[in-house]
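These notes are about the structure you will find just below.
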Amino acid sequence: MSEKTDLRTEDRIRLCRDDERSVIFAIVNAAAEAYRHAIPPDRWHEPYMQASELEHEIASGVVFWGYQSDGVLTGVMGVQSVRDVDLIRHAYVLPDWQGRGVGSALIRHLRSIGTRQMFVGTWAAAAWAIRFYERHGFARVSPEIKNLLLRTYWAIPDRQVETSVVLANPPLRPPFDIPPPHPLR
């Protein structure tokens, strides 16, 4: 399915402000409904992201960028620098704005300001999310490399590692120079 483009020249991408955390929280949880049946039931919560988890992610270095239209945030995408790479984290667009180019604009922006290897993890059953990242130059890594990357750059439960994929931009090519796994695992 091709993406509609309803974006206007007065729309803009900008850093999210500290006073917009409740808006980020609302966007994440509204948009996460699309994942309800792609996320294993033992990993789904209500709401999908707790406010305390959002606070923890921001405290851990996730920087949120937002797509603003008519003064309203319609999508957010986080980026987190971890060791020698950048991770795309929590990429969500309000349901009424999905398919209109907001996510594409955000990912293009983050790629344009990034200078390092970029990875994104998503749920393996979320085929539409995987296709979105592939359309933007990301390539899926092998299951073995995925496991190593998730254990090295993310701090997530083993069950989430089992049910996720990782995509890389630029695509990874051997030999791989991946540091040892995260010390907190």
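None of the figures in this text is laboratory data; all of them are computed from the coordinates on show. Quick caveat, the model's predicted, so the values are computed rather than measured. For neighbour counting, all protein chains shown are included, and Cβ atoms are generated from backbone atoms with ideal geometry for every residue, glycine included.
Taking amide H positions as modeled 1.01 Å from N, with prolines and chain starts lacking one, the residues under 5 Å from Val82 and 5 or more places away or on another chain are Leu87. Projecting the Cα positions of Phe25, Val62, Pro47 onto the charge dipole of segment 12-169 (unit charges on Cβ atoms of Lys, Arg, Asp and Glu, taken about the Cα centre) puts Val62 furthest along the positive direction.
Spin-label model, Arg131 to Ala26: label points 7 Å out along the Cα-to-beta-carbon direction sit 3.0 nm apart.
Under the definition of Cα pairs under 8 Å and six or more residues apart, what whole-number percent is the relative contact order of the chain? Result for the chain is 20 percent. The sum of -39500 (n - 2.57) across all DSSP H runs of n ≥ 4, divided by the residue count of the chain, sets its helix-only mean residue ellipticity at 222 nm to -9000 deg cm²/dmol.
One chain, two ends: Arg83 and Glu55. Fully extended at 0.36 nm per residue, the span grows by 8.0 nm beyond their Cα-Cα distance. When each of Tyr133, Tyr92 is scored by the number of other beta-carbon atoms lying within 10 Å, the sequence from fewest to most is Tyr133, Tyr92. Helices that extend 27 Å or more along their long axis by alpha-carbon positions and average at least 0.5 on the Kyte-Doolittle scale are absent among the DSSP H runs of the chain.
Scanning the chain for GluC sites (Glu not before Pro) in DSSP loops with at most 14 neighbouring Cβ atoms within 10 Å leaves 11-185 as the longest stretch between them. The charge dipole of the chain, taken about the Cα centre with unit charges on the Cβ atoms of Lys, Arg (+1) and Asp, Glu (-1), comes to about 580 debye, rounded to the nearest 20. Want the number for Arg17 to Thr163: 0.36 nm per residue separation, take away the alpha-carbon distance, what's left? So the chain would gain 49.3 nm between Arg17 and Thr163.
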